[in-house]
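**Q** Pasting a structure below so you can have a look.
The values are calculated or read from the model by the stated rules, or taken from the named source; none is laboratory data. For clarity, every value in this text was computed on a predicted model and none was experimentally measured. Here the Cβ positions follow ideal geometry from the backbone for every residue, glycine too, while neighbour counts run over all protein chains shown.
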Amino acid sequence: MRILAFFLSVIAIGLALGGVSAHLSIRQSHGLGAINVGPWSAWPFVGGAEVDPYTSARSAADGTLPLGAAEGLSFEATTDQQGNPLQRNCRYEISGKTPISRIWTVTAYSTDGKALVSQSGALTAFHSGNVVRYADSSFVIKLDDRPSSGNWLPLAGEGRFKLILRLYDTPITSNSGVIDPVMPRILPKGCIS
Amino acid sequence: MIRRILYFCLCGITLAGIIHIVIILLIPSLGKRDAAKQIMEALPELQFVDLSTVDGIEIAAADPFFELSACRFKLDEAGVQISGGKLPAFWSAAVYDKGGKVIYSMNDRTAIGNELQMLIVNPVQMAALRQIQPEELETSIVVETSAPEGFILLRAFVRETTQAEESRAFLSAANCLPYSGI
């Protein structure tokens with residue numbers, strides 16, 4: 001009887017620890033194989049032939065198709081600059097510059113990977129060709145429930161969301177390696193209670 | 001007593017490690033959301049298909065500014081010749097194996113003359129190509145892979161919704177044919 005209890009509790013602990021650690025290692029945005037710039041994480045080797053099992057499990061579980069190195073690199077953010085999860089009932093400002101690329105796009109998605117659509121049916125996304133910039137080529141995108149001038153990305157609803165910034169045809173995926181790219185900051189601007 | 005607890009912990013942690021590794025390795029083959037698997041199952045062979053028109057394919061976190069088209073291929077009988085026109089906007093192409101790993105990728109600037117011209121061959125077909133030296137070798141990008149099957153995914157940028165038609169025309173004009181030169 002004691003032996004049986006011993007076995008059962010070992011199996012229970014093994015299942016729980018093994019399952020939780022596997023889940024965390026592929027779900028956490030700052031997971032294995034990632035490069036991190038502030039809240040942004042990218043997996044530059046997800047498209048390679050020598051991809052590690054964690055990265056490959058991650059993209060299979062996500063249902064995404066990775067970009068090849070010659071196509072571009074995508075950065076994902078699930079938190080703001082201070083490390084708090086991105087919430088749809090809060091306001092944010094994405095400000096700064098992106099690394100060099102031919103075009104880039106930034107899109108808000110629900111946590112399961114569907115592009116967010118505002119109540120008016122507008123897409124919650126921008127690309128490098130339709131974003132309004134300052135003279136030094138930096139930009140500010142406001143994520144807000146209220147209409148706002150400039151680059152406004154309407155947020156609605158509740159729950160967490162994530163931002164994906166994709167750089168297409170960017171030299172940072174080339175052989176020189178990914179060296180501390182400068183990414184825009186995601187600044188929290190308060191929440192609607 | 002302490003030895004017993006240590007023994008218990010050791011057993012638990014070892015089992016946890018094994019389960020961790022098994023889960024990580026099994027996810028790609030068991031996952032239902034795996035986009036590469038959906039493409040391999042739902043697409044006909046050697047034909048570019050607009051992915052937004054196919055039931056059962058849902059690529060998570062797809063870029064809304066891009067139109068996607070894919071062609072599934074097998075290399076056991078012949079190589080695959082991909083050809084297409086030009087598009088003023090950015091486009092890119094990636095060859096994936098059936099598990100969704102990228103074998104080769106390119107964009108319109110790395111393409112020869114900004115045109116989509118690609119030959120996908122296995123090592124045996126590559127050896128034959130080198131002997132024959134067909135003229136396609138000069139105008140196409142040759143991708144050699146030992147993966148027996150996979151798919152090529154074309155992405156075309158849509159700057160404004162008014163240009164969607166142009167991007168879609170570029171995608172639907174792309175051909176995916178068995179290569180008859182060898």
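**Q** Within the stretch B:145-159, can one find any residue that is in contact with a Cys (Cβ under 7 Å, 6 or more places away or on another chain) and at pLDDT 90 or above?
**A** Yes, that holds for at least one residue.
Here's the yes/no breakdown for (1) away from chain A (no Cβ under 14 Å); (2) in a helix (DSSP H, G or I); (3) surrounded by 18 or more Cβ atoms within 10 Å (Cβ to Cβ):
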| residue | (1), (2), (3) |
| --- | --- |
| B:Val143 | no, no, yes |
| B:Ser146 | no, no, no |
| B:Ala156 | no, no, yes |
| B:Glu165 | yes, yes, no |
| B:Leu171 | yes, yes, yes |
| B:Ser180 | yes, no, no |
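**Q** Just the residues that are free of Cβ contacts under 8 Å to residues at least 40 places away in the same chain and surrounded by 21 or more Cβ atoms within 10 Å (Cβ to Cβ), please, taken from the stretch B:60-81.
**A** Selection gives B:Ala61, B:Ala62.
**Q** Which one is farthest from B:Leu153 (Cα to Cα), of the residues in the stretch B:1-20 that are out of contact with any helix residue (DSSP H, G or I) (no Cβ under 6 Å at 6 or more places or on another chain), at the interface with chain A (Cβ under 8 Å from one of its Cβ atoms) and aliphatic (A, V, I, L, M)?
**A** Here the answer is B:Ile13.
**Q** Can A:Gly157 be described as over 15 Å from the mean Cα position of the chain (by Cα), within 14 Å of chain B (Cβ to nearest Cβ), outside any strand (DSSP E or B) and not aliphatic (A, V, I, L, M)?
**A** no
**Q** Only residues that are small (Gly, Ala, Ser) and either in a strand (DSSP E or B) or more than 23 Å from B:Pro148 (Cβ to Cβ) (or both): list them for the stretch B:80-134, please.
**A** Once the filter is applied, which keeps residues that are small (Gly, Ala, Ser) and either in a strand (DSSP E or B) or more than 23 Å from B:Pro148 (Cβ to Cβ) (or both), the stretch B:80-134 yields B:Ser83, B:Gly84, B:Gly85, B:Ala89, B:Ser92, B:Ala93, B:Ala94, B:Ser105, B:Ala111, B:Gly113.
**Q** Here is a follow-up. Quick check on my filter: what residues within the stretch B:57-79 are part of a loop (DSSP other than H, G, I, E, B) and closer than 22 Å to A:Val117 by Cβ?
**A** B:Ile57, B:Glu58, B:Ile59, B:Ala60, B:Ala61, B:Ala62, B:Asp63, B:Pro64, B:Phe65
Yes/no per residue for (1) at pLDDT 90 or above; (2) more than 10 Å from chain B (Cβ to nearest Cβ):
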site: A:Ser21; (1), (2): no, no
site: A:Gly31; (1), (2): no, yes
site: A:Pro66; (1), (2): no, no
site: A:Arg88; (1), (2): yes, yes
site: A:Ser110; (1), (2): yes, no
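**Q** Filter the stretch B:38-62 down to the residues that are within 13 Å of another protein chain (Cβ to nearest Cβ) and touching a helix residue (DSSP H, G or I) at 6+ places or on another chain (Cβ under 8 Å) and list them by number.
**A** B:Ile39, B:Leu51, B:Gly56, B:Ile57, B:Glu58, B:Ile59, B:Ala60, B:Ala61
**Q** Right, another one. If you go through the stretch B:28-42, how many residues are closer than 21 Å to A:Lys114 by Cα and either surrounded by 14 or more Cβ atoms within 10 Å (Cβ to Cβ) or in contact (Cβ under 8 Å) with a residue 40 or more places away in the chain (or both)?
**A** 10
**Q** Let me ask another. Assuming A:Trp104 fulfils every condition listed in (1) touching a strand residue (DSSP E or B) at 6+ places or on another chain (Cβ under 7 Å); (2) more than 28 Å from B:Thr110 (Cβ to Cβ); (3) not β-branched (Val, Ile, Thr) apart from one, which condition is it?
**A** Just one mismatch for A:Trp104, condition (2).
**Q** Scan the stretch A:68-86 residue by residue and report those that are at the interface with chain B (Cβ under 7 Å from one of its Cβ atoms) and of a type in the set (Asp, Glu).
**A** Hit for the stretch A:68-86 is A:Glu71, nothing else.
**Q** How many residues, within the stretch A:112-128, are in contact with a strand residue (DSSP E or B) (Cβ under 8 Å, 6 or more places away or on another chain) and either at pLDDT 90 or above or basic (Lys, Arg) (or both)?
**A** 3
**Q** Further question: Checking the condition β-branched (Val, Ile, Thr) and within 20 Å of B:Ser167 (Cβ to Cβ), which residue from B:Thr14, B:Thr53 passes?
**A** Answer to the selection: B:Thr53.
**Q** Okay, moving on. Can you pull out every residue in the stretch B:82-98 that is buried (at least 19 other Cβ atoms within 10 Å of the Cβ), under 20 Å from B:Met126 (Cα atoms) and out of contact with any Gly (no Cβ under 8 Å at 6 or more places or on another chain)?
**A** B:Ile82
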